[in-house]
Amino acid sequence: MTQPPDRTPHPDQPDPPRTSPTVPGDMAAPSARPEGFEPHFRQSPLTAPWEPIFSRRTAQAVQIGLHIREAHCNSRGFVHGGLISALADNAMGLSAGHLAQQTAGEQRRPVTINLAVDFTGTGKVGQWLSFEPRVLKLTRTLAFVDCVVLADGAMLARANATFRLG
């Protein structure tokens, strides 16, 4: 296998074969998902290549989940930290807006002003990846939210964010 000149393979592990998201089978995800999860109601150009993404609304939050596929992983076969960060931000922002609407009775559009993620484990292809946010505090203009990220129930990361409510 020829390597691009700017990329050196990890000495202990050969590069895995690459597939395109359009390759049959790569897009296939197990049909079983936790109760209440439906196709995600909010889509964006950033998350489109990661579909199918699912979400579940609770009284206090919007949880997000997906089955980890190869398209979600880095070159070592672990779910990519960028995907984790983006979907944690998404789940926390949607949860802040959801709870702000419930308490204030008006639609609020959160904008991230701070985001921090600590990675505590790894996720692999086939596992159910879930984002479980918790709104810690809402003010008139700010929301403080944290999120636990789980792979088949095992903690993979924790995140926290501050949002401006517009």
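The values are calculated or read from the model by the stated rules, or taken from the named source; none is laboratory data. Keep in mind it's a predicted model, so treat the numbers as computed, not measured. Positions of Cβ are backbone-derived with ideal geometry, glycine not excepted, and every protein chain shown enters the neighbour counts. These area figures cover heavy atoms from the full protein model, side chains too; ligands, DNA and RNA do not enter into them. Shrake-Rupley method; radii C 1.70, N 1.55, O 1.52, S 1.80 Å.
Before moving on, here are some points about what is shown:
- Close pairs from segment 102-120: first touching a residue at least 12 places away in the same chain (Cβ under 8 Å) and over 22 Å from residue 157 (Cβ atoms), partner buried (at least 16 other Cβ atoms within 10 Å of the Cβ) and among the small types (Gly, Ala, Ser), Cβ under 6 Å, at least 6 apart: 108/97; 108/100
- Residue match in segment 126-135 (condition: closer than 22 Å to residue 75 by Cα, open to solvent by less than 30 Å² (accessible area, probe 1.4 Å) and out of contact with any His (no Cβ under 7 Å at 6 or more places or on another chain)): yes
- From the options 89, 6, residue that is over 14 Å from the mean Cα position of the chain (by Cα), open to solvent by 30 Å² or more (accessible area, probe 1.4 Å) and either at pLDDT 95 or above or farther than 26 Å from residue 135 by Cβ (or both): 6
- Which numbered condition residue 121 fails, given (1) under 17 Å from the mean Cα position of the chain (by Cα); (2) within 21 Å of residue 34 (Cβ to Cβ); (3) open to solvent by 70 Å² or more (accessible area, probe 1.4 Å): (3)
- Flag for residue 144 being assigned to a strand (DSSP E or B), hydrophobic (A, V, I, L, M, F, W, C) and in contact with a Cys (Cβ under 6 Å, 6 or more places away or on another chain): no
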